[in-house]
Amino acid sequence: MIKVLMARAKQGYRTSAFPVEPPALSDRFVGAPVIGRPKCPPKCSKCVELCPMQCISRNTEKISIDIGKCIFCGKCAESCSPGILHFSKDYRMAVRKREELVLSGPVINLAEELNKEMKKLFGRSLKLRQVCAGGCNACEADVNVLNTLAWDLGRFGIQFVASPRHADGLLVTGPVTENMKLALKKTYEAVANPKLVIAVGACAISGGIYEGHSEANNGVQSIIPVDLFIPGCPPHPSTILDGLLRLMGRLKGDAREKINDSQPIPPVGDQLETRKKLIRSVIRS
Amino acid sequence: MSEKNYISIHNSEAFPVKSIPIVDIDDFRETVITEIERGKRLASFFGRPLNESAVCLTAVIADDKRGCLQILSTEVEKSYQSLTPDCSQANCFEREIAEQWGIVPLGHPWFKPLRFHHSYRKEYDAWERGLDEEILPAHTDFYQVSGDEVHEVAVGPVHAGVIEPGHFRFQCSGERVFHLEIALGFQHRGIERAIISGDKSKIPHYMETLAGDTTIGHSVAYAQAMEALSGCLVSGRAQILRGIMLELERMANHVGDIGALANDVAFLPTASYCGRLRGDYLNMTAMICGNRFGRNMVRPGGVMYNLDASLISQLSRKLEEVFSDTENAIGLMWDSPSAIGRFEDTGKISREIAEELGLVGVAARACGFERDVRFDFPTGIYCFSQIPVATFSTCDVFARAYVRGLEIQRSKSFICEQLETITGDDIFTVPGDSAPDMAVVSMLEGWRGEICHFAMTGADGNLLHYKVVDPSFHNWNGLAASMRNEEVSNFPICNKSFNLSYCGHDL
């Protein structure tokens with residue numbers, strides 16, 4: 001017993017102050033992409049060609065990027081001239097409508113809270129059933145980490161429950177493999193109305209890297225309606241929590257415009273040089 | 001006799017496809033069965049189509065003692081005499097070959113699909129299912145025990161926790177489990193096919209999401225394979241960085257597993273501290289490459305992110321701090337007889353069963369086998385800086401937890417040593433084109449165990465075949481074996497003591 005108490009003293013209080021304080025992120029964290037004001041140079045489509053996910057499209061003067069498909073590899077930004085496209089350190093990316101993930105400017109319309117009736121039901125207590133439908137266990141791990149003392153999900157009234165019958169909604173990860181389609185539908189049907197569906201990660205939103213595979217479907221929305229989209233590959237725990245709290249109306253539109261000001265990630269050491277080399281090699285092949 | 005039937009190769013060294021001997025099926029069977037009986041292991045066994053009617057079967061046998069691999073092939077059309085009755089390690093491999101290519105292993109004792117998808121050769125289906133017939137996962141025979149007191153417990157695919165899908169059937173009498181059978185395939189995303197026929201620029205990302213918790217492991221195995229095929233030499237600094245990332249991945253997952261085990265026996269201090277500490281290790285990975293799972297770090301040719309002096313000192317400081325908390329959190333559980341008592345003698349597998357099933361990784365080392373790719377088939381930094389193999393011999397849940405604890409300590413020493421001595425500055429060499437008609441077996445000790453990738457190129461230098469074996473592929477049957485005569489209520493700790501990958505198995 002004495003050892004347990006001594007360990008308690010050594011380990012200390014470790015629950016993060018999020019959302020009161022911003023999360024501690026790595027200096028190399030790749031957050032929301034920002035499309036700046038300058039127009040793209042004529043005929044340049046380097047980013048479009050480099051993107052392994054085909055999530056960038058070039059319009060007449062500008063580009064748009066679909067962060068519902070993006071896996072945040074950052075190749076596009078490194079091939080781009082300053083000011084046009086860069087990745088910020090902004091972790092907030094969750095939205096309510098699929099089309100809002102297609103960015104053509106600097107601002108993301110972050111998720112709005114539930115309507116009055118739904119908020120009354122779920123705003124202070126949200127029980128979710130997680131369904132992994134082809135997820136690679138990275139999204140699952142970063143959802144699970146919210147249960148640890150570092151994030152202490154319970155303090156917001158959010159809890160992952162063991163049965164869909166106990167749940168207010170589903171949190172789905174993965175592109176929805178053919179072999180999980182029926183299980184996902186049945187789990188959805190087992191949740192009492194009214195219910196919510198939250199798609200976490202590029203795979204769950206659009207099929208991600210598995211888009212177009214005959215073994216998988218292109219995301220949750222192709223099977224059941226989705227109320228909240230949380231992009232990333234995988235999304236950072238703070239991105240997920242931020243989305244959940246916004247949905248519950250626990251975070252008000254704070255600093256949405258701040259996204260404008262976020263700085264591009266500074267190149268570290270010869271990292272930029274390496275990236276350029278890789279990009280050259282990709283272009284060559 | 002069998003000396004002529006195979007060639008010996010080394011880990012991550014390319015060799016001409018033509019040098020693989022193609023023997024007739026009887027010699028193939030005899031060679032594989034004899035070599036496995038001599039204490040070697042079946043690391044990989046797969047089929048690839050030669051033309052419209054023939055399929056080439058290739059076996060990769062790991063000779064741990066001599067540190068070399070033996071490889072041989074045979075050609076079959078519709079069926080062949082199954083190896084499984086004489087070599088249990090071939091069980092899942094043969095079911096996989098049957099499912100992918102419609103080749104029937106005659107006399108296979110438990111012949112059923114593995115991942116539940118249609119055959120890749122349209123005209124051939126091992127179970128004679130039609131092309132339009134819907135294939136539902138886990139719709140197959142299950143081993144059943146009958147009797148008055150016997151009941152069946154079915155769990156999944158959607159589980160009670162935040163975990164991947166799989167289906168488990170327990171045959172029980174009261175609380176006692178006679179038999180557990182595991183049906184997987186729910187996570188099947190068609191990765192191997194997409195590597196060959198899909199967009200090349202997606203391949204590194206397939207590797208990173210093949211089993212997301214083993215991002216570094218599978219990316220390095222792929223990188224090693226491609227580097228061998230293109231003759232690309234990777235700088236020492238990149239090799240060191242790969243080693244550091246791989247050991248951080250191991251530490252994060254092992255700490256998480258020990259925490260999960262503590263949670264399942266309701267020893268909450270260790271459970272909650274380890275939950276937090278796992279995140280701290282993931283954050284160290286993110287300090288290096290920006291992503292908690294090591295995405296975008298490893299590519300054929302080297303690594304994408306470097307360390308500068310200030311980051312090295314930050315990392316060392318953070319590692320000391322987190323490791324000290326880890327020792328404290330885990331030590332607490334080792335000091336608690338009530339927690340340890342739940343682990344001891346629970347989920348035992350005999351050494352003989354472990355050997356017969358060809359277990360790898362922590363599960364094998366917990367049965368006293370000194371089996372570790374970093375030691376037996378070293379590549380990269382492990383050729384120069386060796387990590388002692390951690391073993392324990394009680395073959396139970398405790399052994400699997402304790403080996404994890406030891407490995408955390410050894411990985412920490414390794415990372416510290418590398419951070420102190422890291423030299424060189426170049427971290428990336430642009431890999432050239434892959435040589436035509438070459439093949440390579442790339443192995444690596446991921447945190448779960450032996451990762452084995454086989455790659456071969458065609459006449460144009462493009463990938464013609466790619467086979468991935470995740471350590472989980474060998475070990476799922478080990479979990480089933482560990483539940484024999486256990487209580488149903490011991491399943492959570494047995495499961496967590498293995499912590500196998502569903503998507504790594506299902507691909």
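Odds and ends about this structure:
- Euclidean distance between Cα centres, segment B:67-103 to segment B:160-220, Å: 21
- The calculated FRET efficiency for the pair B:Asp26 and B:Ser413, based on their C-beta separation and a Förster distance of 41 Å, comes to about 0.25.
- Here each label is just a point 7 Å from Cα along the line to Cβ, and for A:Glu21 and A:Asn115 those points are 4.0 nm apart.
- Length added when fully stretched, B:Asn485-B:Arg317, from 0.36 nm per residue minus Cα-Cα: 55.8 nm
- Interface area, A with B, accessible, probe 1.4 Å, both sides summed, Å² nearest 100: 5600
- Against chain A, whose longest principal axis comes from its Cα atoms, helix A:2-11 is set at around 30 degrees.
- Karplus-derived 3J(HN,Hα), 6.51/-1.76/1.60, for each residue of segment B:8-13, Hz, glycine and proline x: 9, 10, 10, 4, 6, 10
- When the Gaussian network model of chain A links Cα atoms closer than 10 Å, the mean-square fluctuations of A:Ile224, A:Ile240, A:Ile209 top out at A:Ile224.
- Chain B: DSSP helices with Cα axial extent of at least 24 Å and average Kyte-Doolittle hydropathy no lower than -0.5: B:236-264, B:268-289, B:309-334, B:397-421
- Pairwise centroid distance, computed over Cα atoms, of segment A:7-30 with segment B:345-403, Å: 35
- Nearest 10 degrees, 0 to 90: helix A:237-247 Cα axis against chain A principal axis: 70
- In the protein assembly as shown, the convex hull through the Cα atoms has an average projected area of 32.2 nm², a quarter of its surface area.
- For chain A, calculated [θ]222 nm from helices alone, where every DSSP H run of n ≥ 4 adds -39500 (n - 2.57): -7500 deg cm²/dmol
- For the residues A:Glu112, A:Glu189, A:Glu211, a GNM of chain A with alpha-carbon springs under 10 Å puts the largest fluctuation on A:Glu189.
- Treating r as the C-beta distance of A:Lys39 and B:Asp437 and R0 as 51 Å, the FRET efficiency rounds to 0.55.
- Helix content alone sets the calculated 222 nm mean residue ellipticity of chain B: runs of n ≥ 4 DSSP H residues at -39500 (n - 2.57) each, divided across all residues, give -13000 deg cm²/dmol.
- With each label modelled as a point 7 angstrom along the Cα→C-beta vector, the A:Ser81-B:His139 pair spans 5.8 nm.
- Sorting B:Phe398, B:Phe454 on solvent-accessible area from highest to lowest, probe radius 1.4 Å, gives B:Phe398, B:Phe454.
- Separation of the B:Ser393 and B:Lys112 label points, Cα + 7 Å toward Cβ, nm: 3.8
- The C-alpha radius of gyration of chain B, expressed as a fraction of 2.2 N^0.38 Å, stands at 0.95.
The values are calculated or read from the model by the stated rules, or taken from the named source; none is laboratory data. Being a predicted model, the structure only gives us computed values, none of them experimental. Backbone-built Cβ (ideal geometry, glycine too); neighbour counts: all protein chains shown. The area values use the complete protein model at the heavy-atom level, side chains included, leaving out ligands, DNA and RNA. Shrake-Rupley method; radii C 1.70, N 1.55, O 1.52, S 1.80 Å.
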